[in-house]
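J.: Dumping the structure here so I can ask a few things about it.
Please treat every number below as a calculation from the coordinates, not as lab data. Everything numeric in this text was worked out from a predicted model, so none of it was measured. Backbone-built Cβ (ideal geometry, glycine too); neighbour counts: all protein chains shown.
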Number of protein chains: 2
Amino acid sequence: NNGRVDLSHGAGGRAMGQLIEGIFHKAFDNEWLRAGNDQSAFTVAAGRMVMTTDGYVVSPLFFPGGNIGTLAVHGTINDIAMAGAVPLYLSASFIIEEGFPLADLERIAESMGAASREAGVPIITGDTKVVERGKADGVFISTAGVGMVPAGLDLRSDAARPGDAVIVSGSIGDHGVTVMSKRENLEFDTDIVSDSAALHGLVATMVEASGQHIRLMRDPTRGGIAATLNEIAHQSKLGFHIDEEAIPLKPEVAAACEFLGLDPLNVANEGKLVVVVAPEGVEAVLAAMRAHPLGEEAALIGHAVADDHCFVQMATSFGGGRIVDWLSGEQLPRIC
Amino acid sequence: NNGRVDLSHGAGGRAMGQLIEGIFHKAFDNEWLRAGNDQSAFTVAAGRMVMTTDGYVVSPLFFPGGNIGTLAVHGTINDIAMAGAVPLYLSASFIIEEGFPLADLERIAESMGAASREAGVPIITGDTKVVERGKADGVFISTAGVGMVPAGLDLRSDAARPGDAVIVSGSIGDHGVTVMSKRENLEFDTDIVSDSAALHGLVATMVEASGQHIRLMRDPTRGGIAATLNEIAHQSKLGFHIDEEAIPLKPEVAAACEFLGLDPLNVANEGKLVVVVAPEGVEAVLAAMRAHPLGEEAALIGHAVADDHCFVQMATSFGGGRIVDWLSGEQLPRIC
Ligand SMILES: Nc1ncnc2c1ncn2[C@@H]1O[C@H](COP(=O)(O)OP(=O)(O)OP(=O)(O)O)[C@@H](O)[C@H]1O
Ligand SMILES: Nc1ncnc2c1ncn2[C@@H]1O[C@H](COP(=O)(O)OP(=O)(O)OP(=O)(O)O)[C@@H](O)[C@H]1O
Ligand SMILES: [Mg+2]
Ligand SMILES: [Mg+2]
Ligand SMILES: [Mg+2]
Ligand SMILES: [Mg+2]
Ligand SMILES: [Mg+2]
Ligand SMILES: [Mg+2]
């Protein structure tokens, strides 16, 4: 097969078994996959669990700071973590284009295995499909995940209240700009790198520090923090006032955004979170975040306000103000 | 947008929100999706859970007896059920090609919602990505699912023992032949229809009747019962003797297989199961199966035997014998 995936790798026969064994099981290596059942089993204590899924279609597949596989592991862990939950297990479904280099597939699988081991969240079940050349774009990955919510914690999208603080865990736009730059083959002076990371460790310290004051969390992925804040505003039926100067933004990302004609507020992040905190919890949550490597640059960027229009308003660096809308017509596809 | 999906539907902005709301949430309609979080929460009792995932790339998307969406719901429910587990919740990740008709997407989503309601297994979380025209093939769907294993039950792929009976729940090859016929634009005299169905109800009656004697179950999807029996043989380190005459096969499916040059043993099923049962349980399991609409034609097709070569041997209708291997070189792609 010339070192490439062919259709027999998805047909349920011997070739598929060898591909799964030789690449995926080897890379993800754990007792659940070795058991070789149609599903994997694990023991849970009574309580509240969460489940989430995301598909990944990022183009290009490899970019500074990660690849489609690490993104798939981190992204699903993060959507679990945004409930304050402890991520437990992942599944991974691969849709592969005929002709895709086995070496690239192996590289992706190996880095997924490494990311999952680093996070302590094993990939316990998977699936492999192959489609004809020209019917996909290299490889697409869908991951799902489950986690356990600590007793007493119940974060909800409608829980924000006027007066609550909005904190972002670090600089915005790094991931989206990295992928766009790589895609457009741009060379910037400095090296911008994706922020792709698993946030459950950071979240655990925040919950430990002041779980009862955390209203809700979101990872500002597609649509950036603009979309995230607008979503929360509508779900909690209030507005936000944010301060442009308070939002962490790397100068090189700002420059790249300007060059690419992007608003950093709309650009995807893959290792950042937005947390809405009751006033009493702000100090403790900020301190806990700043003490964690992934929250060192955490910043209070604004507050929730009563607003029937659910507007997100921003005081700009130039002393003016503007409404921050979510992306409507413009397109920033295949960023994740 | 001319009634078609465009790239903005996957970009995280307002268009995506409207697509999710207007098509998916409407079709799947449940309290979890309405909560609008990055993940969905549910309460579990202490015990053993299972998780599984499958991607669906079937071509054509619509076929007699179902479509890619109903297949995705049934298939993931079935992989949970094969552990003897009660399926609880599903996730669904959609990868959509730019230009895909919204009406087709809605039709798929509506029938997934119906299938999930009929099975009593809600789709509680999802994801939507859009790729450029020519970078996918209409729509791909990956579902994951979780379920709870009844206390005391522990089915494992290495649990078969020489002397165990092999039972199949009904006629083989219906799904694969239906999809192939539709794809090749063949018109047969009779209407062959996919067997796509959710098997957890059938499984529940089997477990109730004689759970302690069930060694393991598998749904013979890609690769057909040939692949399934070979897999079990290798995992349980034994062989099988099966009897061709005992295997339920519709005459029209047999005819279509002959025309298409397929061995029905290699053809995918999407609403059938293979169960290995200890001798003491055969009568009770068979009776329970035959009393269920999806097991009316259940048949004892053979036995496990001690065999270091792990061969699956079949007594043919002509009085001869042959080794049933799994598909190796041949290709039957995009059947599910
Ligand atoms: N990409 C992958 N990564 C990890 N494990 C995988 C992957 N693909 C398949 N597996 C594992 O290999 C085994 C066989 O998978 P397979 O998809 O054949 O089972 P199935 O879902 O029952 O069949 P089908 O997909 O035809 O319905 C399962 O244990 C599955 O978890
Ligand atoms: N196809 C779908 N079917 C059902 N629900 C969906 C679908 N797509 C998205 N959703 C739901 O819509 C909400 C928003 O999904 P979205 O994918 O934007 O969240 P996210 O995963 O946090 O973001 P991202 O995918 O950019 O990482 C979630 O509640 C999700 O479960
Ligand atoms: Mg996500
Ligand atoms: Mg599978
Ligand atoms: Mg999210
Ligand atoms: Mg399956
Ligand atoms: Mg998502
Ligand atoms: Mg299966």
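J.: Can you tell me the order of A:4-12, A:22-30 when each peptide is scored by its average per-residue count of other Cβ atoms within 10 angstrom, highest first?
T.: Going from most to least packed, we get A:4-12, A:22-30.
J.: Kirkwood hydrodynamic radius for the stretch A:77-146: how many Å is it when counted over pairs of different Cα atoms?
T.: Numbers: mean 1/r = 0.0765 Å⁻¹.
Kirkwood hydrodynamic radius for the stretch A:77-146: 13.1 Å.
J.: So, counting K/R as plus one and D/E as minus one, what does the shell of residues with Cβ under 9 Å around A:Val274 add up to?
T.: Charge balance in the 9 Å sphere: +1.
J.: How high is the FRET efficiency from B:Arg4 to B:Glu252, r the C-beta distance, R0 25 Å, rounded to 0.05?
T.: Calculated transfer efficiency: 0.10.
J.: Looking only at Cα atoms, what is the convex hull volume of chain B per residue, in Å³?
T.: 136 Å³
J.: Go ahead and set up a Gaussian network model of chain B, Cα springs under 10 Å, then flag whichever of B:Ala151, B:Ala288, B:Ala114 fluctuates most.
T.: Answer for the Gaussian network model of chain B: B:Ala151.
J.: Helix-only estimate, please: 222 nm mean residue ellipticity of the protein assembly as shown, summing -39500 (n - 2.57) across DSSP H runs of length 4 or more and dividing by its residues, to the nearest 500. Write out the running numbers ahead of the final one.
T.: Values: 18 runs with 192 residues, N = 672.
Helix contribution divided over all residues of the protein assembly as shown: -8500 deg cm²/dmol.
J.: Kindly express, to the nearest 10 degrees and within the range 0 to 90, the angle between helix A:200-210's C-alpha long axis and the longest C-alpha principal axis of chain A.
T.: Between helix and principal axis, roughly 30 degrees.
J.: Of all DSSP beta bridges located in the stretch B:58-186, what percent are antiparallel, nearest 5?
T.: Antiparallel: roughly 60 percent of the beta bridges in the stretch B:58-186.
J.: Treating the point 7 Å from Cα along Cα-beta-carbon as the label, what are the nm separations from B:Gly47 to the other copies, to one decimal?
T.: Computed spacing set for this position: 1.9 nm.
J.: Averaged over all directions, how much area does the convex hull of the C-alpha atoms of the stretch B:18-127 cover when projected, in nm²?
T.: Averaged projected hull area, Cα only: 7.5 nm².
J.: What's the local net charge at B:Val139, with K and R +1, D and E -1, over the other residues with C-beta under 10 Å away?
T.: -3
J.: Treating the angle as unsigned and between 0 and 90°, give the value, to the nearest 10°, between the Cα long axis of helix B:224-236 and the longest Cα principal axis of chain B.
T.: Taking Cα atoms only, the helix is inclined about 70 degrees.
J.: Measuring label to label, 7 Å along Cα→Cβ, what does B:Glu208 give against each other copy in nm, shortest first?
T.: Inter-copy label distances (nm, one decimal, shortest first): 4.7.
J.: Another question about this same structure. Can you report the principal axis dimensions of the stretch A:221-336 using only the alpha carbons, biggest first, rounded to whole angstrom?
T.: Over the stretch A:221-336, Cα extents along the principal axes are 39, 37, 31 Å.
J.: If you don't mind, there's one more thing I want to ask. Could you tell me which residue out of B:Ala27, B:Val282, A:Leu7 lies farthest along the dipole of the protein assembly as shown toward its positive end? Charges go on the beta carbon: Lys and Arg +1, Asp and Glu -1, centred on the Cα centre.
T.: Ranked along the dipole, the leading option is B:Val282.
J.: What is the ratio of the Cα radius of gyration of the stretch A:256-308 to 2.2 N^0.38 Å, with N the residue count, to two decimals? Before the final figure, lay out each step's value.
T.: Working: Rg = 14.3 Å, N = 53, 2.2 N^0.38 = 9.9 Å.
It is 1.43.
J.: Next question, about the same structure. What's log10 of I(q)/I(0) for the protein assembly as shown at q = 0.05 Å⁻¹, Debye sum over Cα points only, no solvent?
T.: The calculated log intensity ratios at q = 0.05 Å⁻¹ are -0.23.
J.: Counting other beta carbons within 10 Å of each Cβ, put B:Tyr89, B:Tyr56 in order, fewest first.
T.: Ordered by Cβ neighbours within 10 Å, fewest first: B:Tyr89, B:Tyr56.
J.: Shifting gears a bit: Based on DSSP, what percent of beta bridges with both residues in chain B are antiparallel, to the nearest 5? Walk me through the numbers on the way to the answer.
T.: On the way: 41 of 53 bridges.
Bridges in chain B are about 75 percent antiparallel.
J.: What Rg and what Dmax come out for the stretch B:42-193 when only alpha-carbon atoms are used, in angstroms?
T.: Rg, Dmax (Cα atoms, Å): 17.8, 55.
J.: Please give the charge dipole size of the protein assembly as shown, origin at the Cα centre, charges +1 on K and R Cβ atoms and -1 on D and E Cβ atoms. Round to the nearest 20 debye.
T.: 580 debye
J.: Same structure, new question: Using a label position 7 Å from Cα in the Cα→Cβ direction, what is the ascending list of nm distances from A:Gly3 to the same site in the other copies?
T.: Ordered by distance, the counterparts are at 4.8 nm.
J.: With charges set only on the Cβ (+1 for Lys and Arg, -1 for Asp and Glu), what does the dipole of the stretch B:165-323 come to about its Cα centre, in debye to the nearest 20?
T.: It works out to roughly 440 debye.
J.: Turning to a different aspect of this structure: Can you tell me the orientation of helix A:174-183 relative to chain A, as the angle in degrees between its alpha-carbon axis and the longest Cα principal axis, to the nearest 10?
T.: 50 degrees
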